[in-house]
């Protein structure tokens, strides 16, 4: 079995992969541009034994839990009102009012144009609220998909811990079929494929390569030396080093 800094390490079909996970908040470095050695040094982790209990406790205090920041949801009324906070929508409303006033002044009392404009504006606002609600539901589903537990190597031993307690520099063990608990830099991998459709929309699993050194401008779908939270390992096993930002 192989391990990596802040990553999950799994053993499947006689193969294993290493990953490096968890990016620290004060670090703006691009982990895909760094070698495994540089990543381990940056995260101050032991690639053989992992973090100690004391180091884990210190990092939880420093960086917080490995979970998405909860934000108070807005009411439907607030969402609806915010739909009108758009320059083009304001222009349409003004146009409707001007049309209605002109019709009244001229005595024609033909408010059809104004009614049509207001109807379109309100319909647009309703559609906007519906789309926002769907987006929130998708985010909630993504949160639920997050791995409830993670296998990590600490003090030289493999342990199963709540995924919220994974910290920057942890060596994570990822098994086939398991959700990735956090964004991680691969340490060692053999034919590791990850389903990243939740991030990229691509249904074909991505073949990972821990030896790759990539550009800062690399798109998320091309970052083959890292794995990302809420995605799924669909083949083989790996080790990674947790190097992503916790919120």
Of all residues in region 29-63, which are more than 20 Å from residue 155 (Cα to Cα) and in a loop (DSSP other than H, G, I, E, B)? 29, 30, 34, 35
Filtering region 209-225 down to residues that are under 18 Å from the mean Cα position of the chain (by Cα) and surrounded by 15 or more Cβ atoms within 10 Å (Cβ to Cβ), which residue is farthest from residue 37 (Cα to Cα)? 218
Selection over region 74-100 where residues are touching a residue at least 24 places away in the same chain (Cβ under 8 Å) and outside any helix (DSSP H, G or I) yields a count of 2
Of all the strands (runs of 3 or more DSSP E) wholly in region 132-206, which have at least 1 residues that are touching a helix residue (DSSP H, G or I) at 6+ places or on another chain (Cβ under 6 Å)? 149-154, 184-189
Residues of region 207-231 being at pLDDT 90 or above and not in a loop (DSSP other than H, G, I, E, B), in sequence order, are 207, 222, 226, 227
Out of 66, 49, report the one residue that is in contact (Cβ under 8 Å) with a residue 12 or more places away in the chain and in contact with a helix residue (DSSP H, G or I) (Cβ under 6 Å, 6 or more places away or on another chain). 66
Taking the criterion of being in contact (Cβ under 8 Å) with a residue 60 or more places away in the chain and within 26 Å of the chain's Cα centre (by Cα), would at least one residue in region 122-132 satisfy it? no
Give all pairs with beta carbons closer than 6 Å in which a residue from region 159-187 that is at positive phi and crowded, with 24+ Cβ neighbours inside 10 Å meets a residue that is modelled with pLDDT of 90 or more and part of a strand (DSSP E or B); count only pairs at least 6 apart in sequence or on separate chains. 169/51
If I filter region 26-45 for residues that are more than 30 Å from residue 183 (Cα to Cα) and free of Cβ contacts under 8 Å to residues at least 40 places away in the same chain, do I get at least one hit? no
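The values are calculated or read from the model by the stated rules, or taken from the named source; none is laboratory data. From a predicted model like this one, the values you see are computed outputs, not experimental measurements. Cβ: placed from backbone, ideal geometry, glycine included. Neighbour counts: every protein chain shown.
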